[in-house]
Amino acid sequence: MKRAILVTMACALFVLAGNAAACHTDPPIVTPPLREVTGSSDIVAVIHVDWVGWRTPAEEAEFRRLWERPPMNTPFSYPARSARFSVKRVLKGNIPADTLIWSGATSCEVGLAEGRDYVLFASLPSGEDDRLMPLRGTFSLDAPPYTDAMLAEVESFLTHSNAPTP
């Protein structure tokens, strides 16, 4: 009996800890459907992430301050790393030359990894940050055939966006 209780408690802790790194917000952040994010993005492209740069010392200090003492009842964004990338194909829009991509600092943001290919959905730079902002829906092409089918779906939306729906 004692062993069964210990096993049950261990399983419960394992299940709870398994989701510890997942993003939790109130209200929850929802990834939009592919059709929606394809239509609302300024840029849709297939890219390869060549390099992800660490934050500057000042950005790292700001990140640590926000992480350890987040402001209460005030919206803020953690300082994020930048990524250099090469463009494999542009499916929509134009990518400005020598532009970097904003790579998220937390699990609630779009994070990019060096050496991976992505289908990038992005907004054009605005304001003081001149990096491309990847949108929720950006996905890595590292799980074929599933991700290949998702890319084909995006291409279909862009190719047939003006076609009447049945």
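Hey, what's the range 87-155 come to in accessible area per residue, 1.4 Å probe, Å²?
Result: 52 Å² of accessible area for each residue.
Tell me, what is the 1.4 Å probe accessible area of Ser126, in Å² to the nearest 10?
About 90 Å², ignoring ligands and nucleic acids.
Name the residues whose placed amide hydrogens come within less than 5 Å of the amide hydrogen of Lys88, ignoring near sequence neighbours (fewer than 5 apart) on the same chain.
Val46, Ile47, His48
Taking R0 as 30 Å, what's the FRET efficiency between Asn73 and Ile29 from their Cβ-Cβ distance, rounded to 0.05?
0.95
How many nm separate the modelled label positions at Trp51 and Ala97, each set 7 Å beyond the Cα in the direction of the Cβ?
Here the answer is 1.8 nm between the modelled labels.
Can you list residues whose amide H is under 5 Å from Ser103's amide H, if they're 5+ apart or on another chain and H is modeled 1.01 Å from N?
Residues meeting the criterion, in which the H sits 1.01 Å from N, are Arg81, Ser82, Ala83.
Per-residue accessible area for Asp148 at 1.4 Å probe radius, Å² rounded to 10?
80 Å²
Please give the length that would be gained between Glu114 and Arg65 if that part of the chain were fully extended, namely 0.36 nm times their separation in residues minus their C-alpha to C-alpha distance (nm, one decimal). Let's see the in-between values first.
Details: separation 49, 0.36 × 49 = 17.64 nm, distance 2.64 nm.
The span from Glu114 to Arg65 would gain 15.0 nm if fully extended.
R0 = 25 Å: FRET efficiency of Ala143 with Ser123, Cβ-based, nearest 0.05?
E between Ala143 and Ser123, to the nearest 0.05, is 0.50.
The values are calculated or read from the model by the stated rules, or taken from the named source; none is laboratory data. No experiment lies behind these values; they were computed from the predicted model shown. Cβ: placed from backbone, ideal geometry, glycine included. Neighbour counts: every protein chain shown. The protein model used for the area step is the full one, side chains on, heavy atoms only, and it has no ligands, DNA or RNA in it. Shrake-Rupley method; radii C 1.70, N 1.55, O 1.52, S 1.80 Å.
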